[in-house]
Amino acid sequence: MIDAHHHFWDPASADYPWMTGEFEPVRRRFGPEDLQPLLRACGVGRTVLVQTRASLDESAEFLRIASRTEFIAGVVAWIDLTATDVPDQLRTLRSAPGGGRLVGIRHQVHDEPDPGWLLRVDVRRGLRAVEAEGLVYDLLVRTRELPAAHEIARDFPGLRLVVDHLAKPPLRTRELGPWRDAMAPLAACPNVVCKLSGLITEADWRTWRPDDLGDCVRSAVAWFGEDRLLFGSDWPVCLLAGTYADVLAALRHALADLPPEAHGKVFGANAARVYRLSGSADGQE
């Protein structure tokens, strides 16, 4: 089993402005030593560590952590896609300690004021460099940014795109129509896959039940099929609404109608293929 989406952070050494109010419960350090026993208990062997800040320092730090953490098979890092030196940034990360585990790039697109941020000339130039390096680009978007993501998917057919958190369907309000309308065209692009992650924190944190995820997950299965879906825990963000085991159980419940071989794909094989993960210590085949 592969967890294709989790994070680490330490508010004592970096700034996370969103960790206030209802997010205070996760305002503490989370590192490999916290996650490892959870993985062992749930039978998860490998993971993909995903960026949390727009920071090249964090990108380098995550690669260093991966280089000394056996279970981290890949890192989705951050670079400045708008810069003119994107190829240089990627080469620097590739040559850094743990650089062999760099598998993708991500930016918090849904936090940009412009819903068409992905379509900017400079961002497109950066995405071409990501594609040339053979890396995945993780799409952190909501309904508002899905049309731009769809245009990118069509314009960059050779770029592997991974939609994080099923594009965050509004499970609290259940007003899913606009989300469905925008997701379906994106899912029709063969270079796009999707993470079934982050769903319990889109639902009501206190009252959600596994059945609450069913409609969205069934839509994802219909759109993407069993070959283009990945399991991700979104730990430790998920702790706001449930445990690591709760996330895994809820997704298994939502996918109960799929045959065992499909579960094998969603919970591991697809992530290994999409992110081109290896099992060796240095990230090389």
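The values are calculated or read from the model by the stated rules, or taken from the named source; none is laboratory data. No experiment lies behind these values; they were computed from the predicted model shown. Heads up, the Cβs are rebuilt from the backbone with ideal geometry, glycines too, and the neighbour counts pull from every protein chain shown.
Looking across region 78-99 at every residue that is small (Gly, Ala, Ser) and surrounded by fewer than 21 Cβ atoms within 10 Å (Cβ to Cβ), the one that is farthest from Ala66 (Cα to Cα) is identified as Ala83. Scanning for something at pLDDT 95 or above, touching a helix residue (DSSP H, G or I) at 6+ places or on another chain (Cβ under 8 Å), polar (S, T, N, Q) and surrounded by fewer than 22 Cβ atoms within 10 Å (Cβ to Cβ), does region 207-218 turn up at least one residue? No, the conditions are met nowhere in region 207-218. Name the residues in region 169-188 that are surrounded by fewer than 17 Cβ atoms within 10 Å (Cβ to Cβ) and either assigned to a loop (DSSP other than H, G, I, E, B) or of a type in the set (A, V, I, L, M, F, W, C) (or both), would you? Passing the criteria: Pro170, Arg172, Thr173, Arg174, Glu175, Leu176, Ala184, Ala188.
Does region 70-81 include one or more residues that are in contact with an Asp or Glu (Cβ under 9 Å, 6 or more places away or on another chain) and either among the hydroxyl-bearing types (Ser, Thr, Tyr) or assigned to a helix (DSSP H, G or I) (or both)? For region 70-81, residues in contact with an Asp or Glu (Cβ under 9 Å, 6 or more places away or on another chain) and either among the hydroxyl-bearing types (Ser, Thr, Tyr) or assigned to a helix (DSSP H, G or I) (or both): absent. In region 226-244 there is no residue matching the filter, namely being in contact with a His (Cβ under 9 Å, 6 or more places away or on another chain), aliphatic (A, V, I, L, M) and surrounded by fewer than 21 Cβ atoms within 10 Å (Cβ to Cβ). For region 122-142, filtered to residues that are assigned to a loop (DSSP other than H, G, I, E, B) and within 16 Å of the chain's Cα centre (by Cα), the residue that is surrounded by the fewest Cβ atoms within 10 Å (Cβ to Cβ) is Arg142.
Picking from Glu145, Glu61, which residue would you name as being touching a His at 6+ places or on another chain (Cβ under 8 Å) and in a helix (DSSP H, G or I)?
Among Glu145, Glu61, only Glu145 is touching a His at 6+ places or on another chain (Cβ under 8 Å) and in a helix (DSSP H, G or I).
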